[in-house]
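Visitor: What follows is a structure written as structure tokens; I'll ask about it next.
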Amino acid sequence: MCRMGVISVVLVEDHQALAQGLELLLHADGFAVLGGASDSAEGAELIRRHEPDVSVIDVGLGEESGIELTRELLAEKPGRRIVLYTGSNDVELLFDGLDSGACGYALKEGPPQELADAIRIVAAGGSYVDPRLRPALLSPRATQKASSLSGREREIIGLLAKGMTGEQVADELVLSTETIKTHIRNAMTKLEARNRVHAIAIALRDGVITFDGGNGK
């Protein structure tokens, strides 16, 4: 829950200059940056101590893995909201990250404002997948499985892809939140997705939806 309307953030990034720059930019954009860490142990300690609204974790932390840190933190407390941040669009790394349970996956090549937008979406209960991941999602590794979503499931996943929360989707479609949750669960089962962001990525990959949230098929 955001404290007094201000989104709190912990940064786990091993590149000091980038971490300092992000902290300054996020502060200027109205976020409360509660601390920064450069390795897994320090990052885990900070996140456990502060329980921020959103944790931004670099996928590569020197010799350590931000993806494994994410898995560890979510195994302890599944409600934690984490955005993975990376400079790599490697396909295997991408799918490993999507499988970790993170709510967002952002690329460093985008402007800092995109990361700020991703944090806001995730803090509000939404999911975020960087649009630049489309080439990786369309790779041969990614296209081995076809999806079979119903029209309603496709519509709901498309709205989630736009950054809407389940409650906002319910309002948009004039359905109960429980009905939306049921459709999301069914879609995740059909797509063999670990969570909402993974389901969005698979639907984008298969062309079931497009990056503007519309239907692709």
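Visitor: Which of the following residues is assigned to a strand (DSSP E or B) and either in contact with a helix residue (DSSP H, G or I) (Cβ under 9 Å, 6 or more places away or on another chain) or not acidic (Asp, Glu) (or both): Leu73, Leu26, Leu34? Full working, then the answer.
Guide: Details: Leu73 fails: assigned to a strand (DSSP E or B); Leu26 fails: assigned to a strand (DSSP E or B).
Result of the check over Leu73, Leu26, Leu34: Leu34.
Visitor: Yes or no: segment 2-13 includes at least one residue that is without any contact (Cβ under 8 Å) to a residue 12 or more places away in the chain and either in a helix (DSSP H, G or I) or more than 17 Å from Gln113 (Cβ to Cβ) (or both). It would help to see each step written out before you state the result.
Guide: At the first step, the residues of segment 2-13 found to be without any contact (Cβ under 8 Å) to a residue 12 or more places away in the chain are 4-5.
Next cut, either in a helix (DSSP H, G or I) or more than 17 Å from Gln113 (Cβ to Cβ) (or both) only: 4-5.
Checked segment 2-13: at least one residue is without any contact (Cβ under 8 Å) to a residue 12 or more places away in the chain and either in a helix (DSSP H, G or I) or more than 17 Å from Gln113 (Cβ to Cβ) (or both).
Visitor: Could you list, in sequence order, the residues of segment 143-187 that are modelled with pLDDT under 85, within 16 Å of Gly126 (Cα to Cα) and part of a helix (DSSP H, G or I)?
Guide: Ala161
Visitor: Moving on to the next point. Scan segment 73-84 and report the pairs whose first residue is in the same structural domain as Asp117 (by TED's automatic domain parsing) and whose second residue is basic (Lys, Arg) and surrounded by 11 or more Cβ atoms within 10 Å (Cβ to Cβ), with Cβ atoms within less than 7 Å and a gap of 6+ or a chain change.
Guide: Pairs found: Leu73/Arg80; Leu74/Arg80.
Visitor: Does Glu51 qualify as being acidic (Asp, Glu) and either crowded, with 23+ Cβ neighbours inside 10 Å or farther than 25 Å from Gln113 by Cα (or both)? Lay out the reasoning, then the answer.
Guide: On the way: acidic (Asp, Glu): yes; either crowded, with 23+ Cβ neighbours inside 10 Å or farther than 25 Å from Gln113 by Cα (or both): no.
Criteria not met by Glu51.
The values are calculated or read from the model by the stated rules, or taken from the named source; none is laboratory data. On a predicted model such as this, the values are computed, not experimentally measured, just so you know. Note that each Cβ is placed from the backbone with ideal geometry, even for glycine, and that neighbours are counted across all protein chains shown.
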